[in-house]
Amino acid sequence: GFWAGGSQSAQQSFIAHYLNGDMNQLNVSNLIMNSVVVFGFTLGPAIGILFHSIHIAFTNYSINELNCPGHFIIASCLVSIILFQFGFHHKEFTHKTTESS
């Protein structure tokens, strides 16, 4: 809802800032980002269906169809944080400048 729209605008402006006028690369980057967003919106409920028959009981705690999606999201976020921390290498971007004569 609101968060996805706000973050998508921020991501598009970030992409536009660093691609600085390269419209082909900007279009491809926005196409990939928007495809992933739509894929996430459709895949989310589909993954939720997989949790409808889960019921695991511990001593005073149980994982069931109501809280299992939350556990899945927490595990996904932790994996994402770990992959980002160890897999992302910051690269300095240089801005293209046009010389006026």
Quiz prompt | Highest-first arrangement of 14-23, 53-62, where packing means the average Cβ count within 10 Å | solution = 14-23, 53-62
Quiz prompt | Which of C77, C68 is most accessible, then next, and so on - probe 1.4 Å | solution = C77, C68
Quiz prompt | Built amide H within the under 5 Å cut-off of E65, gap 5+ | solution = I54
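Can you tell me the FRET efficiency between N67 and S9 if r is taken as the Cβ-Cβ distance and R0 is 25 Å, rounded to the nearest 0.05? If you can, show how the numbers build up before the last one.
Values: r = 32 Å, r/R0 = 1.27.
The calculated FRET efficiency here is 0.20.
For V36 and F86, what does the FRET efficiency come to when R0 = 22 Å and r is the distance between their Cβ atoms, rounded to the nearest 0.05?
Numbers: r = 21 Å, r/R0 = 0.96.
About 0.55, to the nearest 0.05.
The values are calculated or read from the model by the stated rules, or taken from the named source; none is laboratory data. This one's a predicted model, so the numbers in the text were calculated from it and none came from an experiment. Note that we place each Cβ from the backbone using ideal geometry, even for glycine, and neighbour counts take in every protein chain shown. Protein only, heavy atoms only, side chains kept; ligands, DNA and RNA dropped before computing areas. Shrake-Rupley method; radii C 1.70, N 1.55, O 1.52, S 1.80 Å.
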